[in-house]
Structure formats: structure tokens, C-alpha cells
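Input: a single structure, listed below in C-alpha cells.
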Amino acid sequence: MGFFDSKKPEPAAKPIAPVASPVVKPTNPGSGQTTKISPQFRFEGKSSSDDDMHIEGFVSGEIECRKSVVVGPQGRVEATIRCHSITIQGTVRGNIEASHTVTIEASGKLYGDIRTQIFVNQPGGFFEGYSHMLANKDNALTSNEDKNKKK
């Protein structure tokens, strides 16, 4: 073995550090809390929430939510709903006013009229009613009294 024949050991490759995914902020940030209605729960009356709602049980009456509503696959709602956005995976009977988005998933059924900026009906989703698309300046959570004052 000669002096020029020897190889230097190659430095070991440094491990690649994991890269954190960027945090996506919700369009309507709240406290991060979610009101959950379980499949065994039944509610009749008027409900109001400043946080997200997830419904797997039965709700009838009126729902007002400043954030997002999810009607899960087991959820059944017979109510007028006013919210920022709603995703329907179960069954809703009633009119919806959403200031941003109404989404009906493949398993979802909606029997009622909607007022919203964005309406998404996934393949397989069922919708029976009328839809009214809001302009960006319209807001479903603004009361009729407030609209009349502006005139």
C-alpha cells in the first residue's frame, strides 16, 4: 500500500431536520372551542354560540353561531340556521343563512333554502330548495333592522 493509494473517509451525511408545516389560520378565528352535541343528545329551542358547533344528535328550533357549524353523519337538524359557514354530512331541514360558505358533503341532505356567498354541493350530496348567492358586501348575520337603517 502506497502513500497515494489511501482514501480519506467521507464525512457522514447530516440528518435532515423535519420542516414544520405552516399554520393555516381559519377565516373566522374564535376561541378554538367547539360545542359538541353527541348522538344521544336531543335539543329543542334556540341556541346561540360564539364558538364552532359540531352536531351529531338532534336539534330543532333556531341555531345562531358566529363561527362554523358541522352537522355530522349522525346529526339531524330541523331548524333555521344562521352562521359563518356550515358543513352538512347528516340531514338538515330548514333554511340556512351563512355569511361565508354552505357545503353539502356526499352523505349530506339539505331540505331548505340557503343564502350564502359560496355554495358547494359535493357529488352525492342532496339539496332541495332555493339558493340565493350573497355579494361580498352582504352579510347573513346582519339583522334586517340594521339593513333598514342603512337605507
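Taking θ as phi - 60° and the Karplus parameters 6.51, -1.76 and 1.60, the scalar couplings of the range 59-74 work out to 10, 9, x, 9, 10, 10, 9, 6, 10, 9, 10, 10, 9, x, x, 8 Hz in sequence order, x denoting glycine and proline.
Working from label points 7 Å from Cα in the Cα-to-Cβ sense, the THR34 to SER107 distance is 1.4 nm.
With R₀ set to 30 Å, the beta-carbon distance separating ILE118 from LYS46 gives a calculated FRET efficiency near 0.70.
Here, each number is a calculation from the coordinates, and none is a lab measurement. Small disclaimer: the values here were computed from a predicted structure and weren't measured. Using ideal geometry, Cβ is built from the backbone for each residue, glycine included, and neighbour counts are taken over all protein chains shown.
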